[in-house]
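> Dropping a structure here in structure tokens format, bear with me for questions.
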Amino acid sequence: MAVPTAKSKRQRKIILVDVSVVPEQRASWSGKLGFVLAAAGSAVGLGTIWRFPYLAAHYGGGTFIFVFFLFMLTLGVALLVLEIALGRNTGKSIIMAFASFGKQYRFVGMLTAAVPFIIASYYGVVGGWVTRYMFAYAAGMTKELADGGDNFGAFISDGPQSVAFMLLFGAITFIIVALGVNGGVERANLIMMPALILVSLLIGIFTLTQPGALDGLRYFLVPDFSKFSLELLIAALGQTFFGLSLGAATMVTYGSYMKKDVSVTSSALQTTGTTLGISLLAGLMIIPATFATLGSANAVAKNSGPSLMFLVIPEVFEKFGRIATGIGFVFFLLVMFAALTSMISLVEACVSILQDTLAWKRRQALLVTVVVLSSAGIIVTLGYSSLSFIQPLGEGSTILDFLDFMTSSVMMPLGGLLMCLFFGWRKKPAVLIDEVRLSGEFKRAGLWGVMIKYVAPILLVAIFITSVLKTFGIISF
């Protein structure tokens, strides 16, 4: 046998190094259904369940619904097509997607890349609250939960208990993501999204059978044009952007797993339609129920977010009598599904960003994500107990409030704006139009280009300015 020369040894060493850095093959959805359910799961989160009913109740029912639907089917679909096409065109998550057009453009995606890490750090906290309420209803604590908020206040100020539920919710998410794009993320959405739709439909039908519920249905669906205002337009615009999980890097990541033969436009339309349908079901669950038990929808119109979910809803269910415990458990199981599908998309985006940007293996990226998000989640959770002295936005605010403000009011609109400006003016819409046409016709490509170049940037600036001014009390809506 010939003795290897120094040169052949060096060649062998080079070959070994090359093999060690071969990137993992990128996963892909099994088909359009897998993508649509995953994308809708990302979009349909806690914001849909607790924010849409509040906005509809506050802004004239059918009037708000009409405007919201109009924005969703125009601006929403346009931006969704942009993000999906960008991901599929490059096969990368947000930072490396822009870097594929030139290394100097990496910065365009960096702002958006931080969004899923920040949102997931506090989204898991709220997911822990939902998980605790689900278990509490299973234990028959119906009356204890309907005490006007004392039980909820005691729970979130109990550091060890609230941290434990946050970690439990996080562990469920991490296990699903660890099973992979197909075996974990896609399979979980194939189960949870149909279950979420079915359960919300059943609860909605049940509430409509209660005395007085039909008055609530009319309040929800019949337009009250006296409520039409600039304030309503801005509210519907904001719900469109946040309701489709735009500007959060998740849709770019999910788009990067889409096969070339799957239609981008029909997938975007079906994702939007699914989100609209579940938004309506959320309103049908909550608004008629408040009419049936409290006599009006004022409690919904005046409360959104955690106060609606953890204070008002338990009082509504408590009045259902013997079936209150069962209804409460099923409802919070549904809400946990909604929270999980969104949290899964955030964690998957985090993993993909680390994997692509740092050339890490998926297992390594997931491990770092678990450590970072769990550590950050503990800090956010303790913001209601031992770290409550930290009040970034003024007296009474929390760490969670600050992180939510930074992502939803600043980083997401600005990230979306940068994306529109890049493809509207720097690289031109034709880059992504060609990508969309690989899998079907794009009959309204010209209109889409106008939306990306002109309309969307103006509306995103409006979202940004009004959100910031509202947070600091400069405007009241």
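> Multiply the residue gap between R187 and V455 by 0.36 nm, knock off their C-alpha separation, and tell me the result in nm, one decimal place.
92.8 nm
> Pull out the extension gain between L447 and A171, defined as 0.36 nm times the separation in residues minus the alpha carbon to alpha carbon distance; nm, one decimal.
Working it through step by step, the gained length comes to 95.0 nm.
> Hey, another quick one. State the dimensionless ratio Rg/Rh of the chain (Rg: radius of gyration of Cα atoms; Rh: Kirkwood radius).
Values: Rg = 23.2 Å, Rh = 23.1 Å.
When Rh is taken as the Kirkwood radius, the ratio is 1.00.
> Taking a virtual spin label 7 Å from the Cα of Q391 along the C-beta vector, which residues in segment 295-312 bring their backbone nitrogen under 20 Å of it?
306-307
> Here's something else I'd like to know. Considering the dipole of segment 32-472 built from charges on the beta carbon (Lys and Arg +1, Asp and Glu -1) around the Cα centre, which of V125, V177, A324 is farthest to its positive end?
V177
> Sort the following peptides by mean Cβ neighbour count (other Cβ atoms within 10 Å, averaged over residues), highest first: 253-263, 302-312, 175-185.
Result, highest mean first: 253-263, 302-312, 175-185.
> Heavy atoms of the protein only, probe of 1.4 Å, neighbouring chains included. What is the accessible area of E144 in Å², nearest 10?
Accessible surface of E144 is approximately 90 Å².
> Also, quick follow-up: With every protein chain left in place and a probe of 1.4 Å, what is the accessible surface of L221, to the nearest 10 Å²?
80 Å²
> Can you give the FRET efficiency to the nearest 0.05 for N298 and F472, using r as the Cβ-Cβ distance and R₀ = 35 Å?
That gives a FRET efficiency of 0.80.
> Additional query: Going by the alpha-carbon gyration tensor, a ≥ b ≥ c the square roots of its eigenvalues, is segment 60-144 rounded (a/c under 1.5) or, if a/c is not under 1.5, prolate (a/b greater than b/c) versus oblate?
oblate
> A further question follows. Note down the accessible area of R132, probe 1.4 Å, to the nearest 10 Å².
Number for this one is 20 Å².
> For a distance above 13 Å, tell me the whole-number percent of Cα pairs in segment 314-378 that qualify.
Tail of the P(r) past 13 Å holds 71 percent of the pairs.
> Rounded to the nearest 500, what is the 222 nm mean residue ellipticity of the chain from helices alone, with -39500 (n - 2.57) per DSSP H run of 4+ residues and division by all residues?
-22000 deg cm²/dmol
> Could you please put E441, E395 in sequence from largest to smallest accessible area, using a 1.4 Å probe?
E395, E441
> I've got another one for you. Students often forget the sequence filter, so: which lysines lie under 24 Å Cα-Cα from K443 once same-chain residues fewer than 8 apart are removed?
Filter leaves K32, K259, K260, K427, K428, K453.
> Okay, moving on. Could you work out the relative contact order of the chain, using alpha carbon pairs under 8 angstrom and six or more residues apart, expressed as a whole percent? The partial results should precede the final answer.
On the way: 723 pairs, mean separation 150.0, N = 477.
With pairs under 8 Å counted, the relative contact order is 31 percent.
> Which length gain, in nm to one decimal place, applies between V222 and L73 when the Cα-Cα distance is subtracted from 0.36 nm times their residue separation? Show your work: numbers first, answer last.
Values: separation 149, 0.36 × 149 = 53.64 nm, distance 2.05 nm.
Here the segment from V222 to L73 would lengthen by 51.6 nm.
> Something else now. For segment 332-477, what class follows from the C-alpha gyration tensor (a ≥ b ≥ c being the square roots of its eigenvalues): rounded when a/c is under 1.5, otherwise prolate if a/b is larger than b/c, else oblate?
Cα axes put segment 332-477 in the oblate bin.
> Would you please put 60-66, 285-291, 331-337, 426-432 in order of how densely packed they are, using the mean number of other Cβ atoms within 10 angstrom per residue and starting with the highest?
285-291, 331-337, 60-66, 426-432
> Along the Cα→Cβ direction, 7 angstrom out, place labels at V372 and E144. What is the inter-label distance in nm?
In this crude spin-label approximation the distance works out to 3.8 nm.
> Which value, in debye to the nearest 20, gives the size of the charge dipole of the chain about its Cα centre, when Lys and Arg are +1 and Asp and Glu are -1 at the Cβ?
With only Lys, Arg, Asp and Glu charged at Cβ, the dipole is about 2120 debye.
> Quick one: ranking E231, E348 by accessible area, 1.4 Å probe, largest first, what do you get?
E231, E348
> For segment 180-298, count the residues as N, evaluate 2.2 N^0.38 Å, and divide the Cα radius of gyration by that value, please.
Taking N as the residue count of segment 180-298, the ratio is 1.32.
The values are calculated or read from the model by the stated rules, or taken from the named source; none is laboratory data. Keep in mind the model is a prediction, meaning the values are calculated, not measured. Methodologically, a virtual Cβ is constructed for each residue, glycine included, from the backbone with ideal geometry; neighbour enumeration extends over all protein chains shown. Accessible surface areas use protein heavy atoms only, side chains included; no ligands, DNA or RNA. Shrake-Rupley method; radii C 1.70, N 1.55, O 1.52, S 1.80 Å.
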